[in-house]
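Worksheet: one structure, shown below.
Quick note: the coordinates plus some simple rules give every number you see, no bench work behind them. Here the structure is a predicted model, which is why all the values come from computation and not from measurement. Because the Cβ atoms are built from the backbone with ideal geometry, glycine has one as well, and the counts that use them run over all protein chains shown.
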Amino acid sequence: MKIFKNLLSTLAIASVILMTSCTTDEDTVGTTQSDVNLEAAGLAKTFPANLADTVAVNPLIVVNFKSTAIPSEVAASELSLKQGTVPVSGTVTFSGTTATFRPVGYLAPDSQFTATIKTNLKDGSSKDHEMEHSWTFRTGNHHHQKAVSVVSVTPLNSATGVAFDIYPTITFSEKMESKMIESVMFNLNKGTTAVEGSLTYSEKTATFIPTSSLEANTLYTGMITINTNNNDGDDEDDDDNYYEDNDGDDNDDGDDNDDDEQSSNTYIWSFTTGGDGVVVDITAPTVLSIDPANNATSIAISSNITAAFSEAMNTSTISTATFTLKQGTTNVAGSVSYSGTTATFNPTGDLTGGLVYTATITTGAKDVAGNAIAVAKTSIFTTLVPNALDLTAPTVLSVVPANSAASIAVNTNITATFSEAMNTSTISTTTFTLKQGTTNVAGSVSYSGTTATFNPTSDLSGGLVYTATITTGANDVAGNAIAVAKIWSFTTLAPVAGDTTAPTVLTVVPVNNAASIAVNTNITAAFSEAMNTSTISTTTFTLKQGTTNVAGSVSYSGTTATFNPTSDLTGGLVYTATITTGAKDAAGNAIAVAKVWSFTTLAPVAAGLSFSTDVMPTLGKCNDCHTHPWTTSTVASTYYTNLVNGGYVNPTNYTSSKIYSKLNSGHPGGSSISTAEINKILDWMKEGSKNN
């Protein structure tokens, strides 16, 4: 009910309004003579209402026709306004079944006006229904309020065929600070049912994120109500020219008798979703990375070439036709396999040392929806130059787990890193073994770069000692064997009897609803206990922007899982991280409830602001108004150094700068400097507070 009262109040003083024909023709009980005239004229409502008093001096005159009216006939109507017998200049616009008159300037205060609508509607029998309806209202003796307003919305009003997974957005006339946000109320309705969701802000734009996707082929109505009662958030009289005095006298009205101090602006729009409830994938896949990387050198001649895609691909399009390897112009023979989102080119034989090779993923590679990659991806690398005089034996530089390590998770893989590239044919379960006592542990061995990995077929047993060995059968690419076998032991974590307690997520970074998060941030989740690492992956730890998965990798150390995005996030957007119930502790207990949290990245700031040209002049205005404790100078570099030394500017952490703290909380000096000038200083700090 409060929302509708605000709406009616707004329509009376209408600062900014977009109306849809949502009124009905019913409920004529107890009507006045004016209502009868409305009915006869084929109208539903007029704003301001007939005989309305203390109307704002900057109103819109709005006529809402019956919902049965034909828009083309409505557009043929004439809407005018007079003060006495003198016509008021203005413009008339039509939208559907609504006509709007916008006066060129402010109306005279404390005066009576007459609005007239002339129609030529049909009555359903193809006969002209010529009618003229007039009504009067009186302006008050009050101000035009410079409140924040709505500039645009998406989807557009009356839009059809809108994607049902869209996030509606509202763009305001100015940057939405926290005090302004508190005055905004937003509702999205499907008929009379409110759509659940959250509203997030970035600069001038608010985005509504529904809890679940909208329904297909459904009409939705959005309404933004802005309470314009002292947008600065305090209870005191403002002396900062927030209101303009339009009552025609020379006095600044300080008696707080302005009729529009308690008011609101309301913006209403509607749109209709389309589709059949299925999201059509039209996004082209990309190649996130190729290994070896472009311009890599000293690559082992036994290397395979891999390409990681941004999404699942159509396996029939991943082949030696679309994934090629060439030495110069000569094709290298090999086979291509595909798993998950990664394609692998396996040369039939070892490559030749000291030569340049080019790997290519062509535009013939397509995702499961049939979208091809937009641009072919290539990677050029050089193989390791053969050294005929290499007589140096390789060594094992490091192993994981370390020798004598204890409490090792039972699902751990064992790795050994060599001092140089090895001959992959000599790295196998014959030369890399794992035993429990005298019993061999079944598993597989893989090799990448200079690291060999032993992956047990199943989890190890808890509380036992295991011994890993690299034998002297392991050779480098020149055929040199390691001089002495590498042997190390470790003890697995003893099982906890009767552990049936579900683990929990204790903390997350960024925290839920955090804002202004750096775009290169990793996302972490700390658990209440040690987790089964095989259950901590990109399947159970995800990051999304809207409904789109963010590509990245997941690592686990101690009790903390880390999601590392493949590339920087996009500034000014909301991201949602999730730990699913697939995450389990070492005893196999899953977390009881999925952990979901969201954060907003730092909005991008246009680069290029200068201290000498964009900041110094504004600081000079501050000093002209009142004295500041910093030491000024006409030399930009000296002035800058003085500010840094005094802590007024901190190039490494702008939020700790004294000037930033003062300006960001609202400049206290009235209108001595403009909002644009303040924002320039803040943006310059966000760019790194450069001495330029």
(Q) Quick check: residue separation of T283 and L219 times 0.36 nm, minus the Cα distance between them. What number comes out in nm? (A) 20.4 nm
Q | Ascending count of other beta-carbon atoms within 10 Å, so fewest first, for L43, L682 | A | L682, L43
**Q.** Distance (nanometres) between label positions extended 7 Å along Cα→Cβ at T392 and Q112
**A.** 10.4
Q) In nm, to one decimal, how far is the modelled label at T548 from the one at A405, with both set 7 Å along Cα→Cβ? A) 3.8
Q) With respect to the cross-link table entries K175/K621; K204/K377; K204/K658; K377/K595; K175/K595; K326/K544, which display a Cα-Cα separation exceeding 27 Å? A) K204/K377; K377/K595; K175/K595; K326/K544
Q: Could you line up K190, K377 from fewest to most neighbouring Cβ atoms inside 10 Å?
A: K190, K377
Q) With contacts defined as alpha carbon pairs under 8 Å and 6 or more residues apart, what's the relative contact order of the range 344-498 in percent? A) 23
(Q) Give me E311, E215, E182 sorted ascending by neighbouring Cβ count inside 10 Å, so fewest comes first. (A) E182, E215, E311
Q: Return the FRET efficiency for the residue pair S672, E182: r is the Cβ-Cβ distance, R0 is 22 Å, and the value is rounded to the nearest 0.05.
A: 0.30
Q | Full-stretch length increase - A483, S656 - with 0.36 nm per residue and alpha-carbon distance subtracted | A | 56.5 nm
(Q) So, R0 is 25 Å and r is the distance between the beta-carbons of T352 and T430; what FRET efficiency does that work out to, to 0.05? (A) 0.40
Q: Kindly state, to the nearest 0.05, the FRET efficiency for A75 paired with S158, given R0 = 22 Å and r defined as their beta-carbon distance.
A: 0.90
Q) How far, in nm, would the chain grow between N295 and T469 when pulled straight, counting 0.36 nm per residue and subtracting the alpha carbon separation? A) 59.1 nm
Q) According to the square roots a ≥ b ≥ c of the eigenvalues of the Cα gyration tensor, what is the shape class of the range 396-492, taking rounded for a/c under 1.5, prolate for a/b larger than b/c otherwise, and oblate for the remainder? A) prolate
